[in-house]
Amino acid sequence: MNNTLLFSCCCMTAMAFAGCKNAGTEQQSELIRYNQIGYYPSQEKVIVVEGASPDDEYTITDIQTKEEIWRGKASRTATSPWSGKERAVVDFTSVSKPGKYTISSPSGKVEIEIKDNALKQLADASAKAYYYQRTGVAIEEQYAGVWHRPAGHPDTKVYIHESAASKSRPAGTEISSPYGWYDAGDYNKYIVNSAYSVSMMLQVYAQCPEYFAKQNLNIPESKNATPDLIDELYFNLKWMMTMQDPEDGGVYHKLTTPNFEAFIMPSECKQKRYVVAKSVTATLDFAALMAQVARNSDIWEKDYKGFAEQARKAAEKAYKWALANQSQTYRQDELNKKFKPEVNTGTYGDEHIDDERFWAATEMFLLTCKDEYKKDMIKFAPKQFTLPTWGNVASLGVYELLTHTPSEGCKDEVQLFENQKAQFIKYLDSQLEKVPTSCFNTSFGNSDKDFFWGCLSEGFANEGIAMMFGYKCTGDAKYSTNAVRNADYIFGINPLSYCYVTGFGTKSPMHPHMRLSAADGIDDPIPGFLVGGPNAGKNDKEYVKYTTDIADECYQDVEGSYAQNEIAINWNSTLVALTSWIDATFGKEK
Ligand SMILES: [Ca+2]
Ligand SMILES: [Ca+2]
Ligand SMILES: [Ca+2]
């Protein structure tokens, strides 16, 4: 399928709608927050209305038949702790017939849609986003439509940086390290973030392989026998494999230019690129991911024969290196005092390695059943559940355990499984307690601390994924309902009425902090990317003027802001995981 034309049309319609001068109702309709992508027939459905009177009546009319099919009032109201704004939550779950509807109230009206595969198109686009991020190959028109572009960053000649020098590879040695994805709005490639992103998608792939088997992303590998998501992951994995020093098994932290490129197209970039310092975090993450790849061996059998075995060997070698180099975290400032050229790109620095150790040990144990890994897995197991991020990957290991049956008769394994599950459920339940008083009907986003850099992915989407794992392990729909609520927030039920994914919804980011999209001369942003979102921490305030202190409204659609409006492979991986899993669970193939 080629979605390009469709996306362009959607964008044009969206802008025409948003720009409509039909005063009154159109302006007021921004007060009604709804999921701009669509609602599932079987799932909870709400809108949140700002400034409404609790006595206001809402009516829902079928657009096709013009029949009024529902009439009711808000089920509750809530007041924002930051802005003092009053919000009414209107629940119309009982409306379940697929169709297009108008919801009208004294606050105005909106059009909503209930459909069988509400998130499918968005789920596809969020996975397709990685195709646009591919390095070293031309992005072709037949797959990319207007966003086609010439190849950039072949990375067939990159240099060993002084910080990465070893006996067999002294500084300045040329190596080839092609392919992989651009990490984010910049053009570099970083192992820790890559490992997190691929693992997140691979874990959710494993939950619903039939769903992905049917998916067609319209990428160069769409005609082979492998699911397209797996082809896309392989494109990054084959780069990651080149980042391991074949001599000692250590993994370089990143492949980068010394300084960020300007906002130019990849084909115009001329800076030298280096692989920089091996790090224990990159190496453990690499070991974990490659073990996961090896364990899911059947995935690679058809088109990537031998890859699982290669990954197993790479994982074992990496784990060994990490054990021998546990203090070698990535400290860019210190390296810059010793080595030339100075490197000033993303650090992905992380001084806490127990979580990486736990994740790697867990994956290695599940792959090999060896005691040495089991010991580490038990020793480094987390004491409480936390949502995973690139720097805190413990829960990637927890998710693996939760979806596996412990070996029969193995007391320590069973004990670990039960402890982790209890901690996990405790976290989910404590989050669920927040929903009944939440302004936007979510478990996340009820504290100003929830609005940190990247919160849409690392908070809202990630908690949605955790809720889906909760549903998977308990069968209790209260968890999956909450996963859908968190998705609703990202797609429009939020204080600024944004659908935070490029190219989707009636109001979505047009100016992401993203070199590819900024430099391509095309007005519409490349579709399918989730932006960072509201950031009360204002991490780039020295460059960007923030216009409010209201925690959940600290978002502006401005290209210069990496702390509000960047895109990134880790953030999109949670979007892929959440939307695909929800659609696989609650969607219905037509
Ligand atoms: Ca394929
Ligand atoms: Ca860590
Ligand atoms: Ca553009």
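What follows is calculated from the coordinates using simple rules that are stated; it is not laboratory data. No experiment lies behind these values; they were computed from the predicted model shown. We place every Cβ from the backbone using ideal geometry, glycine too, and count neighbours over all the protein chains shown.
Structure notes:
- Straight-line cross-link reach from residue 541 at under 18 Å between alpha-carbon atoms covers these aspartates and glutamates, not counting any fewer than eight positions away in the same chain: 448, 549, 552, 553, 557, 559, 566.
- Database remark: amide H of residue 566 closer than 5 angstrom to the amide H of 513, 532, 533 (H placed geometrically; neighbours at sequence offset of 5 or more, or on other chains; Pro and chain starts carry no H).
- Rg(Cα) / (2.2 N^0.38 Å) computed for the chain, rounded to two decimals: 0.96
- Table column - 3J(HN,Hα) (Hz), the stretch 162-169, Karplus curve with 6.51, -1.76, 1.60, x for Gly and Pro: 3, 5, 10, 5, 9, 4, 7, 9
- When the helices of the chain are scored as -39500 (n - 2.57) per DSSP H run of n ≥ 4 and the total is divided over every residue, the value at 222 nm lands at -12000 deg cm²/dmol.
- Relative packing of peptides 302-308, 396-402 - highest average C-beta neighbours within 10 Å first: 396-402, 302-308
- Taking the inverse of the mean reciprocal distance over all distinct Cα pairs, the Kirkwood hydrodynamic radius of the stretch 31-115 comes to 13.0 Å.
- Here 390, 70 are placed in order of increasing Cβ neighbour count within 10 Å, fewest first, which gives 70, 390.
- Set 421/507; 189/337; 313/379; 167/374; 167/238 screened for pairs whose C-alpha atoms are more than 28 Å apart: 421/507; 167/374
- Computed from backbone phi with θ = phi - 60° and the Karplus coefficients 6.51, -1.76 and 1.60, the 3J(HN,Hα) list for the stretch 88-99 is 10, 9, 10, 9, 10, 3, 5, 7, 10, 7, x, x Hz; x is used for glycine and proline.
- Principal-axis analysis of the Cα atoms of the chain puts helix 228-242 at an angle of about 30° to the longest axis.
- Set 426/538; 45/434; 383/449; 270/305; 305/370; 317/375 screened for pairs whose C-alpha atoms are more than 28 Å apart: 426/538; 270/305
- Less than 5 angstrom separates the built amide H of residue 328 from those of 280, all sequence-distant by 5 or more or on a different chain.
- Qualifying GluC sites (Glu not before Pro) in the stretch 469-571, where qualification requires a DSSP coil assignment and no more than 14 other C-beta atoms within 10 Å, comprise 542.
- Tilt relative to the chain, helix 569-586 - C-alpha long axis, 0 to 90 degrees, to 10: 50 degrees
- The mean sequence distance of close C-alpha pairs (under 8 Å, at least 6 residues apart), as a share of the length of the stretch 427-514, puts its relative contact order at 20 percent.
- Computed on the stretch 31-115, with alpha-carbon pairs under 8 angstrom and 6+ residues apart, the relative contact order is 37 percent.
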